[in-house]
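For reference, the structure is listed below as structure tokens.
The values are calculated or read from the model by the stated rules, or taken from the named source; none is laboratory data. For clarity, every value in this text was computed on a predicted model and none was experimentally measured. Don't worry about glycine lacking a Cβ; one is built from the backbone with ideal geometry, like all the others, and counts go over all protein chains shown. Each accessible area value is taken on the protein alone, full model and side chains, heavy atoms only, with ligands, DNA and RNA left out. Shrake-Rupley method; radii C 1.70, N 1.55, O 1.52, S 1.80 Å.
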Amino acid sequence: MPEGDTVWNTARVLHRALAGVRLTGSDFRIPTLATTDLTGWTVRESASRGKHLLLRLAAPPQASPTAAWTLHSHLRMDGVWRAYAPGERWTARPAHLIRVVLRSPEAVAVGYHLHELALLPTAGEESLLGHLGPDLLGADWDPDEAVRRLAAAPGVTIGEALLDQRKLAGVGNLYKCELLFLRGLSPWTPVGAVPDLPAVVALAQRLLAANRGRWTQSTTGSLRRGQTSYVYGRRAQPCRRCGTAISREELGERVTYWCPVCQPPPAAH
Ligand SMILES: [Zn+2]
């Protein structure tokens, strides 16, 4: 599931494949960018901010009076970027899911099922992403600010609050479920009733950081199949701590998993 760590990893893969590379062709397969041609543009760097991916480009002078541009994309639940060697077959996803192809002699980057794909001046990144809370994997990670933003809405459930990228950027559904289990918190606990919010925020950062640089997301320390999570994806299976069957329920648009014993419901209010 693409969460902050997956997007961070993706940004690194694209950076290694394309940074400093001059593009020899591009193929956008979405209507808004169908006529865009990045031939001759240079990839400056690839970066992530929360779950947003930013491919920063330098336009040749004849193409644009603005030199610095950013190709923005969001992976949501199903988006994928892959870097292939020239001539290698593109096998990550079916071809009809391709939204963009960036070609160079060194590597070919293919973006599948990308969301919010847009080309904007790099100077405009802030207006696009300025609403995001502190980035859990950013160089400027600010846990106190994340705690402050969470605490500002004490009536929101902690399950919803952790997914709100305006409060802190990078936690998706998997880490939300795992984090709440590890802290013994029900997803329905109001933020104002969470005993130690700074500890929740610190653990969120540690979980994501631990999975940087690898594609298997594990919160248990084990990378063995079926052993990588405490509750996520484990409906009706025994809790690793107490043996109780793991529960699963829709929370808003998301599915949430929790142990009803280790994560007791909040007192009636
Ligand atoms: Zn349990």
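In segment 179-269, the inverse of the mean reciprocal separation of distinct Cα atoms equals 14.1 Å; this is its Kirkwood hydrodynamic radius.
The string of couplings for segment 6-11 from the Karplus curve (6.51, -1.76, 1.60, θ = phi - 60°) is 5, 5, 4, 4, 4, 4 Hz, one whole number per residue in order, with x for Gly and Pro. Near VAL7: Cβ cut-off under 12 Å, other residues only, Lys/Arg at +1 and Asp/Glu at -1. The net charge is +2. Max-minus-min Cα coordinates of segment 117-269 on each principal axis give 52, 41, 26 Å, with the largest extent listed first. Treating each Cα of the chain as an identical point scatterer and summing with the Debye formula, the log10 of I(q)/I(0) at q = 0.08, 0.11, 0.12, 0.14 Å⁻¹ comes to -0.37, -0.67, -0.77, -0.98.
Here the relative contact order of the chain, from alpha carbon pairs under 8 Å that lie six or more residues apart, stands at 16 percent. Measuring with a 1.4 angstrom probe and ignoring ligands and nucleic acids, LEU162 comes out at about 0 Å² accessible.
With the whole protein complex present, ARG212 retains an accessible surface near 100 Å², based on a 1.4 Å probe. Give me P(r) over segment 63-113, computed from all C-alpha to C-alpha distances, binned every 5 Å, as integer percentages. Histogramming segment 63-113 at 5 Å steps yields 5, 19, 25, 20, 16, 10, 5, 1 percent.
For the pair segment 102-139 and segment 194-257, the centres of their Cα atoms are 27 angstrom apart. Residue order by solvent-accessible surface for ASP37, ASP142 is ASP37, ASP142, largest first, with ligands and nucleic acids left out and a 1.4 Å probe. Near ARG183: Cβ cut-off under 13 Å, other residues only, Lys/Arg at +1 and Asp/Glu at -1. The net charge is +1.
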